[in-house]
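First, the structure itself, so that you have it in front of you.
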Amino acid sequence: MDWRSVVMKIKTSLSILLVLWLGADSLNAQTAPESALLILAKEDNTLLIVNPASLKVTAKLPVGPDPHEVIASPDGTTAYISNYGGGAYNTLSVIDLAAKKALPAIDLGALRGPHGLAFVGGRVWFTAEAAKAIGSYDPVTKRIDWFMGTGQNRTHMIYVSPDLNQIVTTNVSSASVSIIEKIGGGAGTGPSSGDWNETFVPVGRGSEGFDVSPDSKEIWVVNADDGTVSIMDVASKKIIDTLAANVKEANRLKFTPDSKLAFISSLRKPDVTVLDRVTRKEVKHNKSRRGRCRDSYATRRVAHLGGLLS
């Protein structure tokens, strides 16, 4: 199916976020596909489960107020949603994807304004904008097992390395990226062991979406206010190039799995720009007639469907 059909057929009168849900072998094949789209309808405060082939909604479930990001556990059984509210809320909504029902929300206490999410090492990692902090939640013990202040304004999106030794965040109003690295405690031993060093790297204004290249050598950051992409060398923690993203208010970016291309979407318009990672040149710029691709996972899904460059 052509990616344009997917983007255009999804109703976009609501502001939506998408995440690719893969490998849900534990789910009933008659009621949910092995690959599905999880869509947040922000104005309705609901989560929709959508078959990506037929675009049929297989379930519609209530979530908490102002849902902004959604992430699924690797086994496809549970979804976690950040209830943002610009700092007004302090919960993560939880959905049992197998049973298709809402579970009790996670109370984050003083860690208000949760936004960015990642599921790594058996934990849910989250940013807390209003608290200028990040934290991790252990689904087994059902408790927040670690949190740390960033000292930056609007800590927005988060990446956690598979070995749990590096965390990257974008800080929108500080126009910076935080590189947080574990010292001591051993690899993969969890966030609470050892200590952490934080390095602030200045980038463009409105730094939001970003991705770490699959080879872990570069971090590309989209700056929504400037419409640029800052390219950081991971080893030196320095910006080595700044690119014109060619998308007004660009705010999400995702590399293809082979690391050759970077897909960039816009906050206000349904534009998708594709950059070559090696040449750092634009290879494609598409404007859909409807909708917005707000989330980096949505951008990845568009790339996965394969219609863009054909």
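Could you tell me whether the stretch 131-140 includes any residue that is under 18 Å from Ser178 (Cβ atoms), β-branched (Val, Ile, Thr), assigned to a strand (DSSP E or B) and modelled with pLDDT of 95 or more?
Yes, the stretch 131-140 contains a residue that is under 18 Å from Ser178 (Cβ atoms), β-branched (Val, Ile, Thr), assigned to a strand (DSSP E or B) and modelled with pLDDT of 95 or more.
Now a separate question. Quick one: what pairs do we get from the stretch 263-284, first residue without any contact (Cβ under 8 Å) to a residue 12 or more places away in the chain and closer than 17 Å to Ile219 by Cα, second aliphatic (A, V, I, L, M) and part of a strand (DSSP E or B), C-beta under 8 Å, 6+ apart or different chains?
As it stands, the answer is Lys281/Leu275, since those pairs meet every condition given.
Anything in the stretch 32-72 that is buried (at least 22 other Cβ atoms within 10 Å of the Cβ) and of a type in the set (Asp, Glu)? List them, or say none.
Glu69
I'm trying to understand the selection: among the residues of the stretch 244-277, which are modelled with pLDDT of 95 or more and more than 19 Å from Val212 (Cα to Cα)?
Of everything in the stretch 244-277, nothing turns out to be modelled with pLDDT of 95 or more and more than 19 Å from Val212 (Cα to Cα).
Same structure, new question: Has the stretch 202-220 got any residue that is in contact (Cβ under 8 Å) with a residue 40 or more places away in the chain, exposed (fewer than 15 other Cβ atoms within 10 Å of the Cβ) and over 16 Å from the mean Cα position of the chain (by Cα)?
Looking through the stretch 202-220, at least one residue is in contact (Cβ under 8 Å) with a residue 40 or more places away in the chain, exposed (fewer than 15 other Cβ atoms within 10 Å of the Cβ) and over 16 Å from the mean Cα position of the chain (by Cα).
I've got another one for you. Name the single residue, out of those in the stretch 73-88 being in contact with a Ser or Thr (Cβ under 7 Å, 6 or more places away or on another chain) and at pLDDT below 95, that is surrounded by the most Cβ atoms within 10 Å (Cβ to Cβ).
Ranking the qualifying residues of the stretch 73-88, first place goes to Gly76.
Considering only the stretch 56-121, give the strands (runs of 3 or more DSSP E) lying wholly within it that have at least 2 residues that are small (Gly, Ala, Ser).
Qualifying strands (runs of 3 or more DSSP E): 78-83, 101-107, 114-120.
The values are calculated or read from the model by the stated rules, or taken from the named source; none is laboratory data. Since the structure is predicted, the reported quantities are computational estimates derived from the model, not experimental observations. All Cβ positions, glycine included, derive from the backbone under ideal geometry; neighbour counts span all protein chains shown.
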